[in-house]
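Please read the structure below before turning to the comments.
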Amino acid sequence: MSDPGLALYVDAFYISPYAFSAFVALREKGLTFEARVVPLQDKAQQRPDYRDGSLTARVPSLVHGDFWLSESSAIGEYLEDVFPPPGHAALYPRDPRGRARARQVQGWLRSDLGALREERPTTTMFYQRADRPLSSAGRAAAEKLVRVTERLLADGAEHLFGAWSIADADLAFMLQRLLRNDESVPARVRAYVERQWRRPAVREWDERQRIPLVPYEG
Ligand SMILES: N[C@@H](CCC(=O)N[C@@H](CS)C(=O)NCC(=O)O)C(=O)O
């Protein structure tokens, strides 16, 4: 395939769930791209060259030729439009209801479960495990996450919506906040997460060499 002229800006520690989602989307599509690091710990997202390209001064951003795009779910949808199946792997279900449900899951994961995100930040997945139990709010968020997963995942199903979709990667990432911190999770949900985690794109993100963590806000 000719070089599609793609680059993805990611955080320096590879802990951003949103950069993860865009990274997996590109890899699952089989696209060649350059990964570029934005050191959020140095507030590099505020530097004019990045801030003005991304518009939002957040990570991730996709660059395709002279087109910049931030917001991870917008990146997934753009890639699906510009590099569609069957020439490239599908990121979303084809049928309107499955597709809508996948977008619903993505929107929900990006806007809810704040206590869980706060008490089990992604640093606890890739660096240091959590050292205190979940609060009642954290526990409630964890239970909601598991309940929604159990409702969506049919018995014996490998993925949420028949074939794999990017919503599976996003949901498994959120659930790993529980698994990696030894929270109890039903066996069926655990098996689902472990299955998602065996995908080469996910493993590449998970297993990469990480630089020492420097704590930062945001
Ligand atoms: N809704 C956005 C969230 C992006 C986001 O929150 N990125 C964080 C890193 S995980 C960030 O750039 N933080 C730095 C900042 O907001 O200044 C997406 O899905 O891409």
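The values are calculated or read from the model by the stated rules, or taken from the named source; none is laboratory data. The structure presented is a predicted model; accordingly, all values stated were derived computationally and were not measured. Cβ placement follows ideal geometry from the backbone for every residue including glycine, while neighbour counts extend to all protein chains displayed. SASA here: full protein model, heavy atoms, side chains in, ligands and nucleic acids out. Shrake-Rupley method; radii C 1.70, N 1.55, O 1.52, S 1.80 Å.
Some observations on this one:
- Within the range 57-68, restricting attention to residues that are assigned to a strand (DSSP E or B) and more than 9 Å from the ligand (Cβ to nearest atom), the residue that is surrounded by the most Cβ atoms within 10 Å (Cβ to Cβ) is L62.
- Given (1) modelled with pLDDT of 95 or more; (2) assigned to a loop (DSSP other than H, G, I, E, B); (3) open to solvent by 20 Å² or more (accessible area, probe 1.4 Å); (4) more than 9 Å from the ligand (Cβ to nearest atom), number of the condition D3 does not satisfy: (1)
- Flag for V105 being open to solvent by less than 40 Å² (accessible area, probe 1.4 Å) and either more than 16 Å from the ligand (Cβ to nearest atom) or outside any helix (DSSP H, G or I) (or both): no
- Residue match in the range 166-176 (condition: over 20 Å from R103 (Cβ atoms) and part of a helix (DSSP H, G or I)): yes
- Filter result (more than 19 Å from the chain's Cα centre (by Cα) and crowded, with 18+ Cβ neighbours inside 10 Å) within the range 176-218: E183, V185
- Out of S16, S54, sole residue that is more than 21 Å from R208 (Cβ to Cβ), at pLDDT 95 or above and crowded, with 19+ Cβ neighbours inside 10 Å: S54
- The range 27-51 - residue that is within 14 Å of the ligand (Cβ to nearest atom) and part of a helix (DSSP H, G or I) and, of those, surrounded by the most Cβ atoms within 10 Å (Cβ to Cβ): L40
- Test result for T124, modelled with pLDDT of 95 or more, part of a helix (DSSP H, G or I), surrounded by fewer than 20 Cβ atoms within 10 Å (Cβ to Cβ) and among the β-branched types (V, I, T): yes
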